[in-house]
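Take a look at the structure set out below.
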Amino acid sequence: MEEERGYEEERRKLMEGLRAQGISKEVSEAMMHVKRHLFVPHHLVDQAYGDSPLPIGEGQTISAPHMVAMMCDYLELKKGEKVLEIGAGSGYHAAVIAEIIGEEGHVYSVERIHWLIRLSGENLKHAGYMHVTVMQGDGTLGLPEHAPYDKISVTCAAPDVPPPLLEQLKTGGKMVIPIGRYRQELYLVKKTNGVEKERKCDVIFVPLVGKYGFH
Ligand code: SAH
């Protein structure tokens, strides 16, 4: 079976490409451990180590590896952190975060589509990530029961920063979030005494749909 292949060589090449684009050693080494082929649909397994997004069904996508890597680098994730992800999708991005923060940390990922909650949960279990919890809900409301979070990673595009996410971020914490409907930009948001928003680059994400998202 395809899945029994390790794809180590393909993964190594992809990581070399990411390093050449300026991705940190820490993030690329962590990604070397995450088997992306376990998170893509079976018929696309041979494309798992290309640096592009892939469809996972119903118009949703697994992000491109360089985008996952960049977002992790901007967050400056540390061992033991508690991270909130909005949009579990395939579970791949959550797995990369989980790999970086280690088993002493925890990832909570909120997903609105039921079958993706099941899919991401199964993929994460299969890949061996037990310190990720996928929950059903409207991620624009965050996940107050486990707040506050050290870091928040939003993997779909919002009209603006949803106020509940800012509230649930620790002071000193960081959030990455794509903002915009047609022309989207990735922002790094730092919560200090106030809020600093730094524009990073143009991006393309599926929309964040919810109370503080698009309708
Ligand atoms: N991180 C994913 C990529 C997900 S694509 C991966 O690595 O595969 C974006 C996801 O956000 C989709 O699964 C979509 O269903 C989800 N989404 C959109 N609006 C949402 C909301 N309000 N709350 C939770 N999830 C949402």
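The values are calculated or read from the model by the stated rules, or taken from the named source; none is laboratory data. Bear in mind that the values here come from a model prediction, so they are computed numbers and not experimental data. Counting neighbours? That spans all protein chains shown, and the Cβs are built from the backbone with ideal geometry, glycine included. Accessible surface areas use protein heavy atoms only, side chains included; no ligands, DNA or RNA. Shrake-Rupley method; radii C 1.70, N 1.55, O 1.52, S 1.80 Å.
A single entry from Glu103, Glu122, Glu99 fulfils the requirement of being open to solvent by 10 Å² or more (accessible area, probe 1.4 Å), at pLDDT 95 or above, more than 24 Å from Leu188 (Cβ to Cβ) and touching a His at 6+ places or on another chain (Cβ under 7 Å): Glu103.
Right, Val45: in a helix (DSSP H, G or I), touching a helix residue (DSSP H, G or I) at 6+ places or on another chain (Cβ under 9 Å) and farther than 19 Å from Ile100 by Cα or not? Break it down into steps so the answer makes sense when it comes.
Values: in a helix (DSSP H, G or I): yes; touching a helix residue (DSSP H, G or I) at 6+ places or on another chain (Cβ under 9 Å): yes; farther than 19 Å from Ile100 by Cα: yes.
Yes; evaluated as a whole, the condition is true for this residue.
Any idea which of Ser52, Ser28 is over 10 Å from the mean Cα position of the chain (by Cα), buried (at least 20 other Cβ atoms within 10 Å of the Cβ) and more than 9 Å from the ligand (Cβ to nearest atom)?
Values: Ser52 fails: buried (at least 20 other Cβ atoms within 10 Å of the Cβ).
Result: Ser28 is the single residue among Ser52, Ser28 that is over 10 Å from the mean Cα position of the chain (by Cα), buried (at least 20 other Cβ atoms within 10 Å of the Cβ) and more than 9 Å from the ligand (Cβ to nearest atom).
Can you tell me which residues in segment 7-16 are closer than 23 Å to Glu76 by Cβ and either modelled with pLDDT under 95 or surrounded by 15 or more Cβ atoms within 10 Å (Cβ to Cβ) (or both)?
Applying the first criterion (closer than 23 Å to Glu76 by Cβ) to segment 7-16 yields 14-16.
Residues satisfying the conditions are Leu14, Met15.
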